[in-house]
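Derivation of every value follows stated rules applied to the coordinates shown; laboratory data play no part. Here the structure is a predicted model, which is why all the values come from computation and not from measurement. Cβ placement follows ideal geometry from the backbone for every residue including glycine, while neighbour counts extend to all protein chains displayed.
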Amino acid sequence: MRHASLAVLALAAALPVAALAEDDVTRSGGDRAMRAAHEVVREALLERATLPARPPALPDGEMMESGARADRARRDEAERAAHDRAARHGEQQRARHAGGDRDHGAAGGHRGGMHPGDSAGDCRDAAGAVRTREMHGGMEGGHMGGGHMGGR
Amino acid sequence: MTGGVALQAAALAVLVAAGATEGGAEPHLLAGAAHFRAERYDAALVEFRVAERLGEPEAAGYAGAALVKLERFEEAVETFETASPGGHPLHDYYRALACYGARLYSCADRLLAGLGDRSGPRIAEQARAIRAELAPTLEAPPSETSLAWYRDRCEARRAEGRAALAAAYCREADALAARRGAATRAAGSDGAGPPRNGG
């Protein structure tokens with residue numbers, strides 16, 4: 001009995017030590033793996049370390065002006081593209097509705113002041129209010145010059 | 001938030017959740033390295049961000065390097081500003097590239113000068129080449145317009161709540177102003193005319 005108690009005591013004392021040792025082994029193994037992972041990342045970073053693509057240039061007035069010009073050009077291009085899309089859309093609508101020459105004011109395709117759907121028979125007055133084909137009697141010739149094309 | 005960024009954030013959240021239960025940061029570091037090597041920098045960025053969130057602070061510097069490669073220089077500067085100083089020369093090299101890309105040339109030069117010989121021969125050589133290219137820009141007294149640009153950037157980024165980035169631009173403006181002041185004083189003592197505009 002006395003021997004058994006001593007054995008239990010010895011086991012109880014040894015268990016945390018063993019568990020600790022196992023933790024240490026796991027942790028140090030994990031640390032090693034993590035260090036190795038960092039090393040792999042650094043190798044990749046080193047492999048791809050290049051020189052800058054552009055020469056240095058302090059931002060000066062000329063550069064800022066050219067930047068502003070580029071911005072303006074981009075905006076203009078975007079507006080042009082939006083208008084072209086709207087015009088194309090209008091033409092598609094017209095084709096779908098097969099209105100042909102009966103389309104209100106549509107002879108000759110899209111023109112200034114038209115909006116998507118205009119050539120389907122609907123149109124806008126100068127204030128932008130949409131009028132339908134049924135209402136178009138009062139809009140003869142009033143189709144041009146909507147705000148859409150201003151300045152272009 | 002754009003669709004792409006939202007998607008990336010969602011992917012990040014899923015990966016962090018998965019990583020917390022499966023093996024921690026290490027697999028993400030390895031995956032990030034593989035993506036970086038294969039020049040898939042956006043994927044590498046996600047992996048490094050996950051590793052950082054899973055408790056590897058050094059991964060923030062790797063994310064900064066991926067941002068440099070993606071030419072998202074301002075984000076890279078912010079990332080390096082808030083990352084713990086890794087102490088590794090590659091960390092400083094990529095940080096210098098981030099500064100360079102954001103036109104923070106004094107910052108880039110300072111970091112590259114600090115690399116010395118501890119970075120290995122290849123990076124040391126590249127650092128020397130970049131510094132040589134920077135030298136004429138840094139030696140010329142900056143114009144008032146350049147100074148104004150940096151100050152404007154500082155204010156704009158501060159207004160956006162990007163304090164670390166704003167501070168970087170303000171420091172650059174201060175460094176430029178000091179150079180301009182020194183050049184003006186030198187020109188005055190030489191009896192020469194006003195300083196020429198750099199740019």
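Brief remarks follow.
- Per-residue Cβ neighbour rank within 10 angstrom, fewest leading, B:Val46, B:Val68, A:Val40: A:Val40, B:Val46, B:Val68
- Relative contact order computed over region B:141-189 (Cα-Cα under 8 Å; 6+ residues apart), in percent: 44
- For region B:155-166, Karplus couplings with θ = phi - 60° (6.51, -1.76, 1.60), whole Hz, Gly/Pro x: 5, 4, 5, 5, 4, 7, x, 9, 4, 5, 5, 4
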